[in-house]
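The values are calculated or read from the model by the stated rules, or taken from the named source; none is laboratory data. In this text, all values refer to a predicted model and were calculated from it rather than measured experimentally. Backbone-built Cβ (ideal geometry, glycine too); neighbour counts: all protein chains shown. The protein model used for the area step is the full one, side chains on, heavy atoms only, and it has no ligands, DNA or RNA in it. Shrake-Rupley method; radii C 1.70, N 1.55, O 1.52, S 1.80 Å.
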Amino acid sequence: MISPCPRYSPRGINCPNLPPGEQLDYSLSSPLANNQELCKHNKPWPTPAATWTAGQQVSVKFAPGGAPHGGGHCQFSFSYDGGKKYVVVHEIMGHCFGADNNQRDISFTLPAGLPGAKQADFMVTWVNAIGNREFYCWSTNVAINGGSTPFTGKEVTIANWRTYPVIAEFQGNFNTGVEHYKNAKTITVG
């Protein structure tokens, strides 16, 4: 992910200044290792990487090229409690980067009922279709112009990391592992 700028990215677009004492991370395109925290960096940017409005279309950009690993499942989610609970606002099952694996600009509409926040955690997660069983995760913080009521939706699905379920290589079946996403528990945030 390059926009909104993931935490500590050396290649992101319009990145805020690093928090004091932190360094750029050149490994953000690598899958999450078992010894790393979810999304690698939990200390937020000093200022939001973007400002979005509930009910409006937003765009998440990924760097051109790279290894799309045949696509896979991806989710876009928010946390309002410093990363303890993430609620999904958009997901793509099977073909995260499009049927041709070349889509690098993913647009979607934020729910109109999303609560406002000066610094909400925004997380993008991806389970690859082909290759080693990996879990990719990028996180940033964005300001949200929104309402004041809580938002209810699906909890983010985590797989192929630590003790979480393993989703098998897809072998051409792009419904592989979808049950983990469909059976996610409902949570309320904000």
Are any of the residues in region 22-41 open to solvent by 60 Å² or more (accessible area, probe 1.4 Å) and aliphatic (A, V, I, L, M)?
yes
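I need a count of the residues in region 124-134 that are buried (at least 22 other Cβ atoms within 10 Å of the Cβ) and either closer than 13 Å to Cys39 by Cα or touching a Pro at 6+ places or on another chain (Cβ under 7 Å) (or both). First the steps, then the outcome.
First, the residues of region 124-134 that are buried (at least 22 other Cβ atoms within 10 Å of the Cβ): 124-129.
Checking the rest, the ones that are also either closer than 13 Å to Cys39 by Cα or touching a Pro at 6+ places or on another chain (Cβ under 7 Å) (or both) come to 124-126.
Count: 3.
Looking only at region 33-57, count every residue that is closer than 20 Å to Arg104 by Cα and modelled with pLDDT under 95 and tell me the total.
Of all residues in region 33-57, those closer than 20 Å to Arg104 by Cα come to 39, 49-50, 52, 56-57.
Then drop every residue that is not modelled with pLDDT under 95, which leaves 39.
Total satisfying the criteria: 1.
Can you spot a residue in region 57-67 that is closer than 21 Å to Gln119 by Cα, assigned to a loop (DSSP other than H, G, I, E, B), in contact with a strand residue (DSSP E or B) (Cβ under 8 Å, 6 or more places away or on another chain) and open to solvent by 20 Å² or more (accessible area, probe 1.4 Å)? Explain how you work it out, then say what you get.
Within region 57-67, the first condition is being closer than 21 Å to Gln119 by Cα, and the residues that meet it are 57-61.
Adding the requirement that they be assigned to a loop (DSSP other than H, G, I, E, B) leaves none.
No, every residue in region 57-67 fails to be closer than 21 Å to Gln119 by Cα, assigned to a loop (DSSP other than H, G, I, E, B), in contact with a strand residue (DSSP E or B) (Cβ under 8 Å, 6 or more places away or on another chain) and open to solvent by 20 Å² or more (accessible area, probe 1.4 Å).
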Any pair with Cβ under 7 angstrom, 6 or more apart, that starts in region 68-92 at a residue that is assigned to a strand (DSSP E or B) and ends at one that is among the acidic types (Asp, Glu) and open to solvent by less than 40 Å² (accessible area, probe 1.4 Å):
Phe78/Asp121; Ser79/Asp121
Can you go through Pro20, Pro10, Pro6 and tell me which one is in contact (Cβ under 8 Å) with a residue 40 or more places away in the chain and part of a loop (DSSP other than H, G, I, E, B)?
Pro6
Looking at region 142-159, which of its residues are more than 11 Å from Ser77 (Cβ to Cβ), in a loop (DSSP other than H, G, I, E, B) and among the polar types (S, T, N, Q)?
Ser148, Thr149
Within region 68-94, residues open to solvent by 20 Å² or more (accessible area, probe 1.4 Å) and under 16 Å from Pro4 (Cα atoms) come out as Val89, His90
Does region 6-16 contain any residue that is surrounded by fewer than 20 Cβ atoms within 10 Å (Cβ to Cβ), at pLDDT 95 or above, in contact with a Phe, Trp or Tyr (Cβ under 8 Å, 6 or more places away or on another chain) and not aromatic (Phe, Trp, Tyr)?
yes
For Phe97, state whether it is open to solvent by less than 30 Å² (accessible area, probe 1.4 Å) and part of a loop (DSSP other than H, G, I, E, B).
yes
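Only one of Lys185, Lys118 is touching an Asp or Glu at 6+ places or on another chain (Cβ under 6 Å) and of a type in the set (D, E, K, R); which? Before you say what the answer is, go through the steps one by one.
Values: Lys118 fails: touching an Asp or Glu at 6+ places or on another chain (Cβ under 6 Å).
Going through Lys185, Lys118 in turn, the sole match is Lys185.
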Collect the residues in region 149-177 that are crowded, with 16+ Cβ neighbours inside 10 Å and among the β-branched types (Val, Ile, Thr), keeping them in residue-number order.
Val156, Thr157, Ile158, Ile167, Thr176
Could you tell me how many of the residues in region 38-54 are more than 17 Å from Arg11 (Cβ to Cβ) and either of a type in the set (S, T, N, Q) or in contact with a Ser or Thr (Cβ under 7 Å, 6 or more places away or on another chain) (or both)?
4
Under the condition of being surrounded by 12 or more Cβ atoms within 10 Å (Cβ to Cβ) and out of contact with any strand residue (DSSP E or B) (no Cβ under 6 Å at 6 or more places or on another chain), which residue from region 180-190 is farthest from Gly146 (Cα to Cα)?
His180
